[in-house]
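The values are calculated or read from the model by the stated rules, or taken from the named source; none is laboratory data. This structure is a prediction, so every number in the text was calculated from the model and none was measured. Cβ placement follows ideal geometry from the backbone for every residue including glycine, while neighbour counts extend to all protein chains displayed.
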Amino acid sequence: MAQTTPPQAAAAQTICWIDGKILPASEARIPVLDHGFLFGDGVFEGIRVTRRGIFRFPDHMKRLETAARAIGLTVPGGFERVHDAARETTRAWGPREGYLRLIVTRGIGALGIDPSTCPEPAIVCIATGAAPLSPEKAARGLDLITSSLRRPPADVLDPRVKSLNYLNNVLAKREASVRGADDALVLNGRGLIAECSATNIFALSGRTLDTPPTTDGALEGLTRRTVMELAVEQGLEMRERSLGRFDLYAADAVFLTGTRAGIVPVGSLDGSAISTAGWPILRALSEAFDQRAEALSTPVG
Ligand SMILES: Cc1ncc(COP(=O)(O)O)c(C=O)c1O
């Protein structure tokens, strides 16, 4: 039987860097006039911590800074302060597997939406344990439904910006739960696959691996990037191309990628089975990913 951590125990293990101090997460507080809380005005990263350090640290910091630039959020004194928060949290967490949630909000301002009323962004970094999929789920693959919600186009709310505005993703996930599924496949306005609620998606056919381009509404996931690199190293043909739901039914294997989720096979979509014929290749990619994780981690001293 899979071991599960009771919610209280998980909360006790969760720590938070805030205002330069490390606290139990249950004791950390955000002011109610913070625009991250009021309007989802801010950016964030979900980052894996390995026993060696912070996974793809420079890439995460680049994605965070790009997202901040895209919403006009600057950090007085520069982003090095944000990097330090991640490093200090990781040191406090210790040399073990974990997960960081690094958040930069617009900070405290007036009650109206105007971001120019917020002089100082707030930086918060939470560390908690990894949340591996149960062995039963991993063995059967996730059950997906196609969400009735479309991913917003880049000229509405660019999905490539990892902002605190995740209601589209939250509602897709809720729809999946309400309909008894594990997660939701999200299409863009043209009916092409973007990704899932908070993971990227891949379809393997023979030795060809396809994933939608980020311009179809996917975040540029760093697990996605790592899998793409490993696929090329393993001699697979790696393509970024638009995919429809039919491509998933035609594939030999479909899987999702994300920092918290790792690499997770898909078992069904909208009640129809997805092939498992490509799972041996998927397993090889997963093993290569696990082996590569520490090498791609930056020690924090
Ligand atoms: C919308 C969305 N897509 C994909 C991903 C996967 O990205 P990564 O592999 O960097 O965790 C995430 C991660 O949180 C996400 O929020």
- Message: Where the second residue is of a type in the set (A, V, I, L, M) and surrounded by fewer than 22 Cβ atoms within 10 Å (Cβ to Cβ) and the first is under 17 Å from Thr208 (Cβ atoms) and lies in the stretch 261-281, which pairs have Cβ atoms under 8 Å and are six or more apart or on separate chains?
- Response: Ile281/Leu236
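For (1) buried (at least 19 other Cβ atoms within 10 Å of the Cβ); (2) modelled with pLDDT under 95; (3) acidic (Asp, Glu); (4) within 30 Å of Gly244 (Cβ to Cβ), each residue gets a yes or a no:
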site: Ala85; (1), (2), (3), (4): yes, no, no, no
site: Arg91; (1), (2), (3), (4): no, no, no, no
site: Ala110; (1), (2), (3), (4): no, no, no, no
site: Ile113; (1), (2), (3), (4): no, no, no, no
site: Pro152; (1), (2), (3), (4): no, no, no, yes
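What residue, of Glu80, Glu97, is in the same structural domain as Val43 (by TED's automatic domain parsing), surrounded by fewer than 20 Cβ atoms within 10 Å (Cβ to Cβ) and under 18 Å from the mean Cα position of the chain (by Cα)? Break it down stepwise before answering.
Numbers: Glu80 fails: under 18 Å from the mean Cα position of the chain (by Cα).
Glu97 is the lone residue from the list that is in the same structural domain as Val43 (by TED's automatic domain parsing), surrounded by fewer than 20 Cβ atoms within 10 Å (Cβ to Cβ) and under 18 Å from the mean Cα position of the chain (by Cα).
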- Checking Ala172 against (1) surrounded by fewer than 17 Cβ atoms within 10 Å (Cβ to Cβ); (2) within 11 Å of the ligand (Cβ to nearest atom), the condition it does not meet: (1)
- Does any residue in the stretch 149-177 that is in contact (Cβ under 8 Å) with a residue 60 or more places away in the chain come within less than 6 Å, Cβ to Cβ, of a residue that is within 10 Å of the ligand (Cβ to nearest atom) and hydroxyl-bearing (Ser, Thr, Tyr) six or more places away or on a different chain, and which pairs are these? Arg160/Thr214
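For the structure I just gave you, tell me whether Ser177 is in contact with a helix residue (DSSP H, G or I) (Cβ under 9 Å, 6 or more places away or on another chain), over 15 Å from Gly46 (Cβ atoms) and not in a strand (DSSP E or B).
no
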- Task: Could you please find all residues in the stretch 184-203 being in a strand (DSSP E or B) and either polar (S, T, N, Q) or away from the ligand (no atom under 11 Å from the Cβ) (or both)?
- Result: Ala184, Leu185, Leu187, Ile193, Asn200, Phe202, Ala203
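Residues to consider are Thr128, Thr117; find the one that is more than 15 Å from Leu219 (Cα to Cα), touching a helix residue (DSSP H, G or I) at 6+ places or on another chain (Cβ under 9 Å), buried (at least 16 other Cβ atoms within 10 Å of the Cβ) and of a type in the set (S, T, N, Q). Outline the logic, then answer.
Details: Thr117 fails: buried (at least 16 other Cβ atoms within 10 Å of the Cβ).
Only one candidate passes the filter, namely Thr128.
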- Task: Would you list the strands (runs of 3 or more DSSP E) that sit entirely within the stretch 217-275 and hold 2 or more residues that are more than 26 Å from Val156 (Cβ to Cβ) and within 16 Å of the ligand (Cβ to nearest atom)?
- Result: 253-258, 262-269
- Query: What do you reckon, is Ala139 surrounded by 21 or more Cβ atoms within 10 Å (Cβ to Cβ) and in the same structural domain as Ser272 (by TED's automatic domain parsing)?
  - Reply: no
- Answer yes or no as to whether Gly258 is under 20 Å from Ala176 (Cβ atoms) and modelled with pLDDT of 95 or more. yes
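Name the single residue, out of those in the stretch 245-260 being of a type in the set (Phe, Trp, Tyr) and in contact with a strand residue (DSSP E or B) (Cβ under 9 Å, 6 or more places away or on another chain), that is farthest from Thr226 (Cα to Cα).
Tyr249
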- Can you tell me which residue within the stretch 204-216, out of those that are of a type outside the set (Asp, Glu) and within 16 Å of the ligand (Cβ to nearest atom), is farthest from Ile47 (Cα to Cα)? Leu209
